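A short write-up of the structure that comes next.
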Amino acid sequence: MPSAEKIAETSRQASEKVKEGTIKTSEYLSRSSSWLAQFQEKYTDGNLWVFFGFSTLFILSVIVGLFICAEVVKVLVDGHSWLFKNYIELRNSL
């Protein structure tokens, strides 16, 4: 059974890691959002470019994700049919 000091130390370490992660995430988001703000201020139609850019990126990521999922399913089906075939042969031989 862990002692109270050990639990308190683990809790303190976890809270420090969460705090560091929060700080790093907020720094990253502020840098990326400032880059977007600069882009939108530089071009009069910057909002449209950002919207269509992220929309295109989303559509491409969905297509790639579906393709990867289809390939995984094909591999699983091939493996399942191979396993099923061997199971039937083993069952028939016994």
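Structure values in brief
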| quantity | calculated |
| --- | --- |
| Subset of the stretch 1-15 [open to solvent by less than 90 Å² (accessible area, probe 1.4 Å) and in a helix (DSSP H, G or I)] | A4, A8, E9, T10, S11, A14, S15 |
| Residue list for the stretch 31-52, filter: open to solvent by 60 Å² or more (accessible area, probe 1.4 Å) and part of a helix (DSSP H, G or I) | R31, S33, W35, Q38, Q40, E41, K42, N47, L48, W49, F51, F52 |
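The values are calculated or read from the model by the stated rules, or taken from the named source; none is laboratory data. In this text the structure is predicted, and so the values were computed from the model without any measurement. Remember, those area values only see protein heavy atoms, side chains included, never the ligands or the DNA or RNA. Shrake-Rupley method; radii C 1.70, N 1.55, O 1.52, S 1.80 Å.
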